[in-house]
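Shown next, in structure tokens, is the structure this report addresses.
The values are calculated or read from the model by the stated rules, or taken from the named source; none is laboratory data. Not measured: the values here are computed from a predicted model. Cβ placement follows ideal geometry from the backbone for every residue including glycine, while neighbour counts extend to all protein chains displayed. Only protein heavy atoms, including side chains, enter the accessible area calculation; ligands, DNA and RNA are left aside. Shrake-Rupley method; radii C 1.70, N 1.55, O 1.52, S 1.80 Å.
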Number of protein chains: 2
Amino acid sequence: MNKGLSVAIVGATGAVGQEFLRLFELRNFPVESLKLLASARSVGKTSLFNGKEYPIEVAEPSAFDGVDVAFFSAGATRSKELVPAALEAGALVVDNSSAYRTAPEIPLVVPEVNPESILPENRLIAVPNCSAIILLMAVHPLRKLGKIDRLIVSTYQSASGGGAAMMRLLEDETKALVNGGDLPASPLKHRYAFNLFSHNTPINEDGYNEEEAKVIFESRKILGMPDLKVNVTCVRVPVLRAHTESVTVEFDGPAPSIEQVKEVLAASPGVQVIDDRTENRFPTPLDASGQGDVLVGRIRQDLSNPNAICMLVSGDQLLKGAALNAVQIAETVLSRSNSVA
Amino acid sequence: MNKGLSVAIVGATGAVGQEFLRLFELRNFPVESLKLLASARSVGKTSLFNGKEYPIEVAEPSAFDGVDVAFFSAGATRSKELVPAALEAGALVVDNSSAYRTAPEIPLVVPEVNPESILPENRLIAVPNCSAIILLMAVHPLRKLGKIDRLIVSTYQSASGGGAAMMRLLEDETKALVNGGDLPASPLKHRYAFNLFSHNTPINEDGYNEEEAKVIFESRKILGMPDLKVNVTCVRVPVLRAHTESVTVEFDGPAPSIEQVKEVLAASPGVQVIDDRTENRFPTPLDASGQGDVLVGRIRQDLSNPNAICMLVSGDQLLKGAALNAVQIAETVLSRSNSVA
């Protein structure tokens, strides 16, 4: 990464978009020039990067001329519309949206899990769903200890998964409730503050919402286990920016010992074990917020199945669940092209 | 229930204690005289019942003279201290605490599930743990459809399970956070507002907290299934007064159809099915708050196991999870003694 890059962010004003800027600084991502792209209604705004103000420009096909790396985080519709232009312009595209995740020829990558899925010819790489990334960061290392047969997952997902607007909604509703006052207008069918709800994406014919269908499909694709059994329930809770997941991992045979699980997880890059039974200290989404690592704790034998272990996982949805994973993908590709050069 | 009763509430100033008063009014519970008992520091306070103010008196052994029915909701230590005196005085005792739940000779009862566990000689009946009650209200009816082999449960428990003080803590912390200001003193090791945490009860040698151990033991005792397999993770979320649970029920053979499950649940007293896939309307703790019924939705096949179904359950922790279940127990006993008379 000796050469500075022309970098574009599509969705620069969003919650994930803003995290990219902080991560570029923090990780010394080799940005030489920066284009902050968003919808027309954001034009006129600016964002700070490395002490300099950058204007928001309109995300349109011509914006990608000369761009080396384009990070997309503006939803599937916008990605489908503009990714082809970015590829055409020669950019490496890392797409946070769901637009290309199911395409068999597009790698869907968590760099700690399946970096080998990125082939030299790949110029478009998809970032998985946030719940799937956080889940697999804790699950993948356990494959060293045995063949995994089934995952059972209940999520406690934060507002940030619904973007900056959902975070604001939670804060504004909460403020109105504790201070008295009218609740703000909401796209939800029920209150969010001091409440929780089944993930509000459309339900398929099997009764699963889109988020759950993503966790099932994407876990299988990323792990390369098309027959992996996945039981999943996705729930949104009144937490701002980190997702928590209650996870049971069922193995094909007797489960590894709790000590083995802790050891393997503690040695896994991007994972921190927080599991103090005496002090009752385990992962919380607040502890996970703002950190790149995924926190894992409550590691214990499943008393209902000798082949299974249970754990509680928390990860920052905006970082490892989105922007950080995307930057790591770009870094993986760039380090390879440098080592070839 | 033609004769008016002398009724005592131990823990009358607590969150559950206050619900008893509302329920007595709502259900025309035959209260002729009422004793509101609490610790010495509450003496001087009063509570309203049927438009009349009642003084708080000290909960002490002599307080039970002439009492017909005593409801205990002041924690296990206080129950162990005072229940013997109440029984000695001839009262029927319904105990909300965990003090007597594990004693084999004491019935542990959810009236919709195991009313037959109350024998004519029983003068002390234990109210189960709130998470267990809410779980079993949704699980027990499914026994009509097949033999249940295993339950897999992740809870989303409200502040009320920690009593009025925990509810106030959540409100006060939230207020401080949204308005700016110092966080109030807290008995927790981490923030509660906009956060969640593994249930903060002591962890046993298997890595399970007390709440989880209760759900396992009590489910088996109430259902009369000592070998029932139970996988459970208990988590406290920033919601005020209703618990939600993500539940997978594994049967001994092929799972019943979703239509059968819905039908059986809809016909079960105390259960409401809220399951509108088109409108994405499912149980929320806010909808469950203030209602006696337990809400069940997200009813669907477990795609990872042909023998299992999944559902999401919400129930008011203070009502069906505590005070309502206790009052129903008393009503069950009283209606039997009346029918014998």
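Take the residues in region A:123-142 that are over 15 Å from A:Thr244 (Cα atoms) and in contact (Cβ under 8 Å) with a residue 60 or more places away in the chain; name whichever of them is most open to solvent (accessible area, probe 1.4 Å). Show your work before the answer.
Of all residues in region A:123-142, those over 15 Å from A:Thr244 (Cα atoms) come to A:123-128, A:140-142.
Cutting the leftovers down to in contact (Cβ under 8 Å) with a residue 60 or more places away in the chain gives us A:125, A:127-128, A:140-142.
Values: A:Ile125: 0, A:Val127: 0, A:Pro128: 2, A:His140: 46, A:Pro141: 10, A:Leu142: 0 Å².
Here the answer is A:His140.
Those residues that are touching a helix residue (DSSP H, G or I) at 6+ places or on another chain (Cβ under 9 Å), part of a loop (DSSP other than H, G, I, E, B) and within 15 Å of B:Gly321 (Cβ to Cβ), I need them from region B:275-291; list them, please.
Across region B:275-291, the qualifying residues are B:Ser289, B:Gly290, B:Gln291.
Scan region B:233-252 residue by residue and report those that are within 12 Å of chain A (Cβ to nearest Cβ) and either more than 28 Å from A:Pro283 (Cα to Cα) or assigned to a strand (DSSP E or B) (or both). Walk me through how you get there before you give the answer.
If we filter region B:233-252 for residues that are within 12 Å of chain A (Cβ to nearest Cβ), which is where we start, we get B:233-250.
Residues satisfying the conditions are B:Thr233, B:Val235, B:Arg236, B:Ala242, B:His243, B:Thr244, B:Glu245, B:Ser246, B:Val247, B:Thr248, B:Val249, B:Glu250.
Search region B:62-75 for residues being without any contact (Cβ under 8 Å) to a residue 60 or more places away in the chain and surrounded by 16 or more Cβ atoms within 10 Å (Cβ to Cβ), and hand back the single one that is farthest from B:Ala326 (Cα to Cα). Explain how you work it out, then say what you get.
Taking region B:62-75 first, the residues without any contact (Cβ under 8 Å) to a residue 60 or more places away in the chain are B:62-65.
Pick out the ones that are also surrounded by 16 or more Cβ atoms within 10 Å (Cβ to Cβ) and you get B:63-64.
Details: B:Ala63: 20, B:Phe64: 18 Å.
Ranking the qualifying residues of region B:62-75, first place goes to B:Ala63.
Select from region B:292-323 the residues that are open to solvent by less than 10 Å² (accessible area, probe 1.4 Å) and in a helix (DSSP H, G or I) and list them in ascending order.
If the condition is that a residue be open to solvent by less than 10 Å² (accessible area, probe 1.4 Å) and in a helix (DSSP H, G or I), then B:Lys320, B:Gly321, B:Ala322, B:Ala323 are the ones that fit.
Could you please find all residues in region A:87-106 being open to solvent by less than 10 Å² (accessible area, probe 1.4 Å) and either out of contact with any Lys or Arg (no Cβ under 9 Å at 6 or more places or on another chain) or more than 26 Å from A:Pro269 (Cβ to Cβ) (or both)?
Of everything in region A:87-106, those that are open to solvent by less than 10 Å² (accessible area, probe 1.4 Å) and either out of contact with any Lys or Arg (no Cβ under 9 Å at 6 or more places or on another chain) or more than 26 Å from A:Pro269 (Cβ to Cβ) (or both) turn out to be A:Ala91, A:Val94.
Give me a count of the residues in region A:208-251 that are within 21 Å of B:Thr278 (Cα to Cα) and surrounded by fewer than 19 Cβ atoms within 10 Å (Cβ to Cβ).
1
Take the conditions open to solvent by 20 Å² or more (accessible area, probe 1.4 Å), part of a helix (DSSP H, G or I) and within 14 Å of chain B (Cβ to nearest Cβ) and apply them to A:Glu171. Does it pass?
Working: open to solvent by 20 Å² or more (accessible area, probe 1.4 Å): yes; part of a helix (DSSP H, G or I): yes; within 14 Å of chain B (Cβ to nearest Cβ): yes.
Judged against the criteria, A:Glu171 is a match.
Results for (1) of a type in the set (Lys, Arg); (2) over 23 Å from B:Asn200 (Cα atoms); (3) within 12 Å of another protein chain (Cβ to nearest Cβ), shown as yes or no for each residue.
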position	(1), (2), (3)
A:Leu265	no, yes, no
A:Ser268	no, yes, no
A:Pro283	no, no, yes
A:Ala288	no, no, yes
A:Leu295	no, no, yes
A:Asn305	no, yes, yes
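Is there a residue being aliphatic (A, V, I, L, M), in contact with a helix residue (DSSP H, G or I) (Cβ under 9 Å, 6 or more places away or on another chain), open to solvent by 10 Å² or more (accessible area, probe 1.4 Å) and modelled with pLDDT of 95 or more anywhere in region B:260-267? Step through it out loud before you land on a result.
Going residue by residue through region B:260-267, those that are aliphatic (A, V, I, L, M) are B:261, B:264-267.
If we keep only those that are in contact with a helix residue (DSSP H, G or I) (Cβ under 9 Å, 6 or more places away or on another chain) too, we end up with B:261, B:264-265, B:267.
Now restrict to residues that are open to solvent by 10 Å² or more (accessible area, probe 1.4 Å): B:264, B:267.
If we keep only those that are modelled with pLDDT of 95 or more too, we end up with B:264, B:267.
Yes, region B:260-267 contains a residue that is aliphatic (A, V, I, L, M), in contact with a helix residue (DSSP H, G or I) (Cβ under 9 Å, 6 or more places away or on another chain), open to solvent by 10 Å² or more (accessible area, probe 1.4 Å) and modelled with pLDDT of 95 or more.
For residues that are buried (at least 20 other Cβ atoms within 10 Å of the Cβ) and under 21 Å from B:Leu240 (Cα atoms), tally how many sit in region B:273-290.
Here is the first cut: in region B:273-290, the residues buried (at least 20 other Cβ atoms within 10 Å of the Cβ) are B:273, B:275, B:282-289.
Subsequent filtering for residues that are under 21 Å from B:Leu240 (Cα atoms) retains B:282-289.
Here the count works out to 8.
Can you name the residue in region B:102-127 that is under 30 Å from B:Pro254 (Cβ atoms) and assigned to a loop (DSSP other than H, G, I, E, B) and, of all such residues, is nearest to the chain's Cα centre (by Cα)?
B:Val110
For region B:177-192, what are the residues that are touching an Asp or Glu at 6+ places or on another chain (Cβ under 6 Å) and more than 25 Å from A:Arg277 (Cβ to Cβ)?
Residues satisfying the conditions are B:Leu183, B:Pro184.
Within region A:158-167, how many residues turn out to be within 12 Å of chain B (Cβ to nearest Cβ) and either out of contact with any strand residue (DSSP E or B) (no Cβ under 7 Å at 6 or more places or on another chain) or among the aromatic types (Phe, Trp, Tyr) (or both)? If you could, list the steps in order and put the result at the bottom.
Initially, region A:158-167 is screened for residues within 12 Å of chain B (Cβ to nearest Cβ), giving A:158-160, A:167.
Of the ones still in play, those that are also either out of contact with any strand residue (DSSP E or B) (no Cβ under 7 Å at 6 or more places or on another chain) or among the aromatic types (Phe, Trp, Tyr) (or both) are A:159-160, A:167.
Matching residues across region A:158-167 total 3.
Conditions (1) within 9 Å of chain B (Cβ to nearest Cβ); (2) crowded, with 21+ Cβ neighbours inside 10 Å; (3) more than 13 Å from the chain's Cα centre (by Cα); (4) not in a loop (DSSP other than H, G, I, E, B), marked per residue:
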site	(1), (2), (3), (4)
A:Pro254	no, no, yes, no
A:Gln328	no, yes, no, yes
A:Thr332	no, no, yes, yes
A:Ser335	no, no, yes, yes
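Considering B:Leu48, B:Leu82, which residue is open to solvent by 60 Å² or more (accessible area, probe 1.4 Å) and either out of contact with any Cys (no Cβ under 8 Å at 6 or more places or on another chain) or at pLDDT 95 or above (or both)?
Working: B:Leu82 fails: open to solvent by 60 Å² or more (accessible area, probe 1.4 Å).
Just one listed residue meets the conditions, B:Leu48.
Which one is farthest from B:Arg298 (Cα to Cα) among residues in region A:188-226 that are more than 8 Å from chain B (Cβ to nearest Cβ) and over 23 Å from the mean Cα position of the chain (by Cα)?
Checked region A:188-226; the qualifying residue farthest from B:Arg298 (Cα to Cα) is A:Ala193.
Considering only residues of region A:143-157 that are among the hydrophobic types (A, V, I, L, M, F, W, C) and more than 9 Å from chain B (Cβ to nearest Cβ), which is most open to solvent (accessible area, probe 1.4 Å)?
Here is the first cut: in region A:143-157, the ones among the hydrophobic types (A, V, I, L, M, F, W, C) are A:145, A:148, A:151-153.
If we keep only those that are more than 9 Å from chain B (Cβ to nearest Cβ) too, we end up with A:145, A:148.
Details: A:Leu145: 48, A:Ile148: 5 Å².
Checked region A:143-157; the qualifying residue most open to solvent (accessible area, probe 1.4 Å) is A:Leu145.
Is it the case that some residue within region B:4-17 is in a loop (DSSP other than H, G, I, E, B), out of contact with any helix residue (DSSP H, G or I) (no Cβ under 9 Å at 6 or more places or on another chain) and either at pLDDT 95 or above or of a type in the set (A, V, I, L, M) (or both)? Break it down stepwise before answering.
Start the filter on region B:4-17 by keeping residues that are in a loop (DSSP other than H, G, I, E, B), which leaves B:4, B:11-14.
Cutting the leftovers down to out of contact with any helix residue (DSSP H, G or I) (no Cβ under 9 Å at 6 or more places or on another chain) gives us B:4.
Then drop every residue that is not either at pLDDT 95 or above or of a type in the set (A, V, I, L, M) (or both), which leaves none.
No - not one qualifying residue is present in region B:4-17.
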